[in-house]
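Novice: Got a structure here, written out as structure tokens. Questions coming.
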Amino acid sequence: MWIPLITLIVGAAVGSGVVYFYKKKIVESKNRDLQAEAERILGDAKSKSKEILYDARNQAFKIQDDIKKDERTRQAEINKIEERLLKKEKTLDHKTEEAEKLRTDLDEKVSSIKNLREEVEEIYKLQAQQLEKLSSLTKEEARELLLKKVEEEAKEDIVAQIKKAEAELEEKAEEKAKWVIANAIVRCAAETTAESTATIVNLPSDDMKGRIIGREGRNINTFEQMTGVDVIVDDTPGSIVVSGFDLVRRYIAKVALERLIEDGRIHPARIEETVEKVKGEVNDLIKELGEKAMMETGVTGFHPNLTKILGRLKFRVTHGVNALKHCMEVSFIASNLASELGADVSVCKRAGLLHDIGKAVDHEVPGHHAHIGADIARKFGLPEDVIHSVDAHHGDVEVKTLEAKIVQAANLIANARPGANKENLDSYIKRLVEMENLCEKLDGVKKAFAIQAGTEVRIFVNPEVLDDLESVKLSHSIARKIEADLHNPGLVKVHVIREMRAEGVAQ
């Protein structure tokens, strides 16, 4: 029993030894393989590093060769430039020597001519003395006798020469006048762009369009009623359009809308408050505009109220151009013409700036704007020559002074230059103003606004004077009156708005 057991133990021990040595042999074999692989990889790395180093050296040598080639090329160019400069220097020295030689020759010739002239004068004097002795006449008597005889023989030729000289003088005078006018226009830089009838207001985001319109359009309706303009909200991203022919209304609407957008509180009460506040600020702006125009044209000494009236021209359009810019342009041209012709520059400058001052109030005062402007200038104690120049700038009054004629010419030049005269826009705006004035003259009408390029009129009536039925009748009567009184008005929609407001106070 013990023998098999011992045999089994010995067999197990021998098997374990064999397994141990077998595994050891396998591990040693793997170690040898790994070592060989490592040596092979190291050899490859050394070989590649030598190749890389070789390529790098070749590249460095190539770059060095390119640099040397560039240096040689640049040096060759520098040498060529130096050669050209040396040649030019030699040529310049040669020309300088020739100029000095020519100058010396000219000085010698001038001296010789001077001496020759003195000799000729001495000979002429001797001849004159001998002639006086032979003719027993003095020099003055001989001249008078000769001129008298020539005049008798060539009277007709003299008359013809005088007429020819007069014709040449008129031609030269006309050419000189053209040069004076051209020089005056060149010295005046003026804008030629006509005033638009629409203003774009930028929005921070398209979401603001919905807030401007308001629930059921109450915000935009209130804004349009307060300002008298048409607010166009379309698919254009980031902007809306304020449309209207009256520059004051468009300006008030633009500023009020920008403030409402900046504030963020947009509702009817806030709209009314903002619009009224902006309207109050316009008066200060008008004064600033008048003072700025005076400063740019170099005119001083106007009464503050006259300055305000002048500033109101910023919001008027004449021949499609801003009226204040037109007056400043006429002032510049008139002063330049006056300086060329020797007239009173101060008078022309003042009269040119004020020549259309009547247009600031011609919708309130009847009469031609030239006569209205003369009355305004007279009221504020301006000199009589300035008043006359304003009154006569359209030729309705006889021109009595050179300054008045210059102002008249400057106004014609400003209107006649390219881009200045836009009669179609001017007559169109005049028709819109007439349309509003026609509606506002009727009983019960508080305010009327012509919008949509004159195709629509919004009329706000006093609810205490007119009821709903009378408002309907008023819309039809106004439509018939527009057809009868306005020339070719086209299709015009008349909207009569009657709004009743009631207020209560809770304590």
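The values are calculated or read from the model by the stated rules, or taken from the named source; none is laboratory data. Just so it is clear, the model here is predicted, and its values are computed rather than measured. Using ideal geometry, Cβ is built from the backbone for each residue, glycine included, and neighbour counts are taken over all protein chains shown.
Novice: Taking the range 364-416 as the search range and keeping residues that are among the small types (Gly, Ala, Ser) and under 18 Å from GLU340 (Cβ atoms), which one is surrounded by the most Cβ atoms within 10 Å (Cβ to Cβ)?
Specialist: SER389
Novice: Please specify each residue of the range 432-448 satisfying the condition of being over 11 Å from VAL494 (Cβ atoms) and assigned to a strand (DSSP E or B).
Specialist: VAL445, LYS446, LYS447
Novice: Sticking with this one: Anything in the range 257-272 that is more than 15 Å from GLY214 (Cβ to Cβ), of a type outside the set (Lys, Arg) and surrounded by 14 or more Cβ atoms within 10 Å (Cβ to Cβ)? List them, or say none.
Specialist: The answer is GLU258, and nothing else.
Novice: May I ask you to verify whether LEU469 is surrounded by 15 or more Cβ atoms within 10 Å (Cβ to Cβ), modelled with pLDDT under 80 and of a type outside the set (Asp, Glu)?
Specialist: Working: surrounded by 15 or more Cβ atoms within 10 Å (Cβ to Cβ): no; modelled with pLDDT under 80: yes; of a type outside the set (Asp, Glu): yes.
The answer is no for LEU469.
Novice: Let me ask something else. Just need a number here: residues in the range 478-493 that are out of contact with any Pro (no Cβ under 7 Å at 6 or more places or on another chain), surrounded by 13 or more Cβ atoms within 10 Å (Cβ to Cβ) and at pLDDT 80 or above.
Specialist: 4
The rows are residues; the columns are (1) touching a Leu at 6+ places or on another chain (Cβ under 9 Å); (2) at pLDDT 65 or above; (3) assigned by TED's automatic domain parsing to the domain that holds GLY342.
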{"position": "LYS149", "(1), (2), (3)": "no, yes, no"}
{"position": "LYS164", "(1), (2), (3)": "no, yes, no"}
{"position": "VAL180", "(1), (2), (3)": "yes, no, no"}
{"position": "VAL186", "(1), (2), (3)": "no, no, no"}
{"position": "GLY228", "(1), (2), (3)": "no, yes, yes"}
{"position": "VAL231", "(1), (2), (3)": "yes, yes, yes"}
{"position": "SER243", "(1), (2), (3)": "no, yes, yes"}
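Novice: Show me the helices (runs of 4 or more DSSP H) entirely contained within the range 227-334 in which 3 or more residues are touching a residue at least 12 places away in the same chain (Cβ under 8 Å) and closer than 22 Å to THR199 by Cα.
Specialist: 247-263, 268-297
Novice: For the range 459-486, how many residues are more than 22 Å from THR227 (Cα to Cα) and touching a Lys or Arg at 6+ places or on another chain (Cβ under 7 Å)?
Specialist: Residues that pass the stated criteria total 3.
Novice: Among the residues of the range 329-336, are any over 23 Å from the mean Cα position of the chain (by Cα), of a type in the set (Phe, Trp, Tyr) and at negative phi?
Specialist: Scanning the range 329-336 turns up no residue that is over 23 Å from the mean Cα position of the chain (by Cα), of a type in the set (Phe, Trp, Tyr) and at negative phi.
Novice: Output the residues belonging to the range 310-350 that are surrounded by fewer than 22 Cβ atoms within 10 Å (Cβ to Cβ), out of contact with any Asp or Glu (no Cβ under 8 Å at 6 or more places or on another chain) and not charged (D, E, K, R).
Specialist: Listed by number, the residues that qualify are SER339, LEU341, GLY342, VAL345, SER346.
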